[in-house]
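A.B. asks: Before we start, here is the structure in question, set down as structure tokens.
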Amino acid sequence: MLKLTRWMMPLLLTGFVTLNIYGQDTIPVLKPQQEIKSPQVRTADTTIKKIMEELEKVQENDRQNSQIIGELTRGREIDNSTKYELIKNNLIYASDTYYLLNKKIIDLKSRTTTSNLDVFITSLNNPESKELGFSLSDRVVELVEKIILKGKGDKNERNTKLVESTKSIINSPIFKSFTSLTPPLAIASSVMNFLHSVAQSNKAINHKLLQEFEKELNKYVIYYTALNDANQKFEFGLNFNKDQLSLLQDNMYDHLAFTANVLKMPLPARGNKTIAESLNEYFIDFRKEKVVDFFAKMEAKYTKGKKIDYEKLLQENANLKEANNQLEDLVLQTKRFENLYNEYFSLLDAYYNKVNHSLRLAQDNGLAEKGIVESKQAEFRNLKNEAVQEIQASLNMRELVLNVEKIKYRYRIF
């Protein structure tokens with residue numbers, strides 16, 4: 001390919017040179033007055049044409065590069081301001097999220113059921129209660145008189161003492177101090193042990209009578225055992241749920257500690273206070289308004305004339321980027337709380353089903369009439385629905401969800 005020296009290039013571009021290359025026809029000389037639209041190559045040799053095309057490409061590339069450099073220069077400032085605005089808005093919304101998440105964790109941890117539902121269950125637990133049309137205490141005495149004493153409970157002093165001793169066991173303050181559904185089951189077990197002991201010295205109480213008595217008593221034991229199982233599993237589930245909420249609160253506390261330090265509002269030492277006490281006191285001051293004020297002061301500090309130096313602001317406060325990037329973990333914590341919130345209602349549903357099952361056992365074993373059982377099941381269903389509505393209204397999960405949606409945590413900044 002033909003190489004052009006530096007002194008030849010201007011002449012070539014202005015059209016004031018005629019070349020004879022390798023014996024080919026010469027290129028006509030252009031007059032200065034002629035309008036130059038584009039170089040016209042009339043030689044069969046394409047070398048010069050290619051050179052001209054390459055020159056045009058270089059010029060176009062230079063133009064495009066200059067334009068790109070100018071856009072990058074202008075866009076750098078726009079990009080920094082966009083980063084800053086994203087960080088600022090995310091951390092402002094996060095301040096509300098911390099407050100709401102802590103408040104709702106404490107609320108859900110304090111829940112068991114509701115007072116009305118608790119009263120209903122307690123009435124079923126009580127051996128003296130006649131909610132299902134019978135009292136366990138009365139029925140046990142009746143079974144002793146009917147089966148063990150064959151309807152002769154008042155015929156002699158020995159029988160009378162046996163009945164009185166049975167009543168004394170049932171009314172023992174020891175059983176009254178028990179929790180959950182243990183009292184009915186403890187009463188049944190204690191009465192059976194007592195009768196087996198008496199049978200050792202009273203030949204009138206034979207093995208056959210004891211078997212018949214135990215068979216009838218077991219109908220009640222089956223009902224109370226099922227009710228006790230429902231109560232215990234619900235209590236176990238609630239305790240596990242509370243443990244998970246406590247762990248979540250600890251994680252939120254650690255996450256908040258970093259963010260608060262970045263915002264120049266560090267958490268005070270907890271001392272002997274519980275995490276709930278510490279956070280409740282801290283959130284008196286750490287609120288959305290304080291975070292908004294923090295960013296306003298920062299913008300004022302980096303304002304020159306009427307323009308904020310976003311690049312310098314971000315360089316000298318690099319921890320803002322890290323605080324923003326860690327918000328993904330905060331959002332995941334709110335999702336974990338939402339799962340625990342839903343698990344609570346799953347526990348309540350399971351509890352409802354188990355209690356209903358125990359009521360059906362009472363009906364199937366002839367302890368309570370069908371109409372009474374169905375009435376109690378309907379009452380329990382209504383109380384359970386009221387409890388769900390009350391808890392949902394109190395916790396207001398939508399409030400937390402809508403606030404979290406404002407945090408654009410997916411946009412990580414580097």
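The values are calculated or read from the model by the stated rules, or taken from the named source; none is laboratory data. Everything quoted here is computed from the prediction, not taken from an experiment. Cβ placement follows ideal geometry from the backbone for every residue including glycine, while neighbour counts extend to all protein chains displayed.
A.B. asks: For the stretch 181-225, how many residues are part of a loop (DSSP other than H, G, I, E, B) and surrounded by fewer than 16 Cβ atoms within 10 Å (Cβ to Cβ)? Give the derivation first.
C.D. replies: Residues of the stretch 181-225 that are part of a loop (DSSP other than H, G, I, E, B), as a first pass: 181, 200-206.
The next check asks that each one be surrounded by fewer than 16 Cβ atoms within 10 Å (Cβ to Cβ); those that pass are 200-204, 206.
Residues flagged as part of a loop (DSSP other than H, G, I, E, B) and surrounded by fewer than 16 Cβ atoms within 10 Å (Cβ to Cβ) within the stretch 181-225 amount to 6.
A.B. asks: Does the stretch 283-298 contain at least one residue that is β-branched (Val, Ile, Thr) and in contact (Cβ under 8 Å) with a residue 60 or more places away in the chain?
C.D. replies: Start the filter on the stretch 283-298 by keeping residues that are β-branched (Val, Ile, Thr), which leaves 284, 291-292.
With in contact (Cβ under 8 Å) with a residue 60 or more places away in the chain added as a condition, the list becomes 291-292.
Scanning the stretch 283-298, I find at least one residue that is β-branched (Val, Ile, Thr) and in contact (Cβ under 8 Å) with a residue 60 or more places away in the chain, so the answer is yes.
A.B. asks: Of a type in the set (Asp, Glu) and closer than 25 Å to Val388 by Cβ: which single residue out of Glu131, Glu157, Glu142 fits that description?
C.D. replies: On the way: Glu157 fails: closer than 25 Å to Val388 by Cβ; Glu142 fails: closer than 25 Å to Val388 by Cβ.
Among Glu131, Glu157, Glu142, only Glu131 is of a type in the set (Asp, Glu) and closer than 25 Å to Val388 by Cβ.
A.B. asks: Something else now. Conditions: (1) more than 23 Å from Glu338 (Cα to Cα); (2) loosely packed, with under 14 Cβ neighbours inside 10 Å. Asn228 meets all but one. Number of the miss?
C.D. replies: All conditions pass for Asn228, except number (2).
A.B. asks: Pairs under 6 Å by beta carbon, first residue surrounded by 13 or more Cβ atoms within 10 Å (Cβ to Cβ) in the stretch 375-389, partner among the β-branched types (Val, Ile, Thr) and at pLDDT below 90, six or more apart or different chains?
C.D. replies: That search, which allows pairs on different chains as well, returns Ala387/Thr113; Ala387/Thr114.
A.B. asks: Next question, about the same structure. Among the residues that make up the stretch 338-348, is at least one of them of a type in the set (D, E, K, R) and free of Cβ contacts under 8 Å to residues at least 12 places away in the same chain? Walk me through how you get there before you give the answer.
C.D. replies: Taking the stretch 338-348 first, the residues of a type in the set (D, E, K, R) are 338, 343.
So of that shortlist, the ones also free of Cβ contacts under 8 Å to residues at least 12 places away in the same chain come out as none.
No.
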